[in-house]
1. Show the residue pairs that are 6+ apart or on different chains and have beta-carbon atoms under 7 Å apart, the first residue being within the stretch 27-52 and without any contact (Cβ under 8 Å) to a residue 12 or more places away in the chain, the second being surrounded by 11 or more Cβ atoms within 10 Å (Cβ to Cβ) and among the hydroxyl-bearing types (Ser, Thr, Tyr).
2. Filter the stretch 137-153 down to the residues that are over 23 Å from Gln101 (Cα atoms) and part of a loop (DSSP other than H, G, I, E, B) and list them by number.
3. Could you grab the pairs with beta carbons closer than 6 Å, sequence gap of 6+ or different chains, first residue in the stretch 55-82 and over 21 Å from Lys18 (Cα atoms) and free of Cβ contacts under 8 Å to residues at least 40 places away in the same chain, second one open to solvent by 30 Å² or more (accessible area, probe 1.4 Å) and assigned to a loop (DSSP other than H, G, I, E, B)?
4. Have a look at Ser71, Ser123, Ser80, Ser117 and point out the one that is open to solvent by less than 60 Å² (accessible area, probe 1.4 Å), in a helix (DSSP H, G or I) and closer than 28 Å to Ile36 by Cβ.
5. Just one of Lys149, Lys122 is touching a residue at least 24 places away in the same chain (Cβ under 8 Å), farther than 19 Å from Leu53 by Cβ and among the basic types (Lys, Arg); which is it?
6. For Asp166, are the conditions met, namely being more than 21 Å from Glu92 (Cα to Cα), open to solvent by 30 Å² or more (accessible area, probe 1.4 Å) and at pLDDT below 90?
Amino acid sequence: MKNYLIIILTISFIFAQKLIDKYIEQVMRGDISEAIDKLPEYIASYPNHDGVLYLSALLETDGALAKEKFSQIYNTDKTSKYADKSVIKVSEYYYAAGLYQKSAEWLKKIPRYYSRSDNLDKSLKLLINSLVVSGNIDSAVYYVKVFKKQFPDVNFEELIVDVKEDYKIEREPELVQLSKPSIT
């Protein structure tokens, strides 16, 4: 009897995970109505599930509260399927609020802990942008050098061009120099 209960709970949990993923995908495409309708049911049934919390954070209209939910996902379980996505969301919140240093602090977590994340390129660009906008050009230059070695498949020339186009800076030659291949 106990084994049947475990099997039933496992199957219902897996089924719920698939549905939560479906709703997250819908929300990311801009279709929120079905997810909004189902969210209370999932919160009642799976209050501590990281997918439910992630869905809840995506649907949250209060930015500060959404940031707290995304932070909670990362701080509760750094190995969660949603941890890297939550880090990006927290960093985007800080970036949008003009808190570029805080954004950079969160963005550094992606290459450090989630180097295989689908959000790696995005996080590197946003990190470099955050450092440049906050006036930390030397740090931006440093991180580009480090990341060029750590992630040889990332197109840093394109990343630097994008940063330069976004922000005209006094020390532009340093960023241009980094985009040129080094002769060793």
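1. Glu34/Tyr23
2. If we filter the stretch 137-153 for residues that are over 23 Å from Gln101 (Cα atoms), which is where we start, we get 149, 152-153.
If the condition is that a residue be over 23 Å from Gln101 (Cα atoms) and part of a loop (DSSP other than H, G, I, E, B), then Pro152, Asp153 are the ones that fit.
3. As it stands, the answer is Ala66/Glu60, since those pairs meet every condition given.
4. Values: Ser123 fails: closer than 28 Å to Ile36 by Cβ; Ser80 fails: in a helix (DSSP H, G or I); Ser117 fails: in a helix (DSSP H, G or I).
So the residue among Ser71, Ser123, Ser80, Ser117 that is open to solvent by less than 60 Å² (accessible area, probe 1.4 Å), in a helix (DSSP H, G or I) and closer than 28 Å to Ile36 by Cβ is Ser71.
5. Values: Lys149 fails: touching a residue at least 24 places away in the same chain (Cβ under 8 Å).
So the residue among Lys149, Lys122 that is touching a residue at least 24 places away in the same chain (Cβ under 8 Å), farther than 19 Å from Leu53 by Cβ and among the basic types (Lys, Arg) is Lys122.
6. Numbers: more than 21 Å from Glu92 (Cα to Cα): no; open to solvent by 30 Å² or more (accessible area, probe 1.4 Å): yes; at pLDDT below 90: yes.
No; evaluated as a whole, the condition is false for this residue.
The values are calculated or read from the model by the stated rules, or taken from the named source; none is laboratory data. Quick caveat: nothing in here was measured; it's all calculated off a predicted structure. Virtual Cβ from ideal backbone geometry, glycine too; neighbours counted across all protein chains shown. Surface areas here come from the heavy atoms of the whole protein model, side chains and all, with no ligands, DNA or RNA. Shrake-Rupley method; radii C 1.70, N 1.55, O 1.52, S 1.80 Å.
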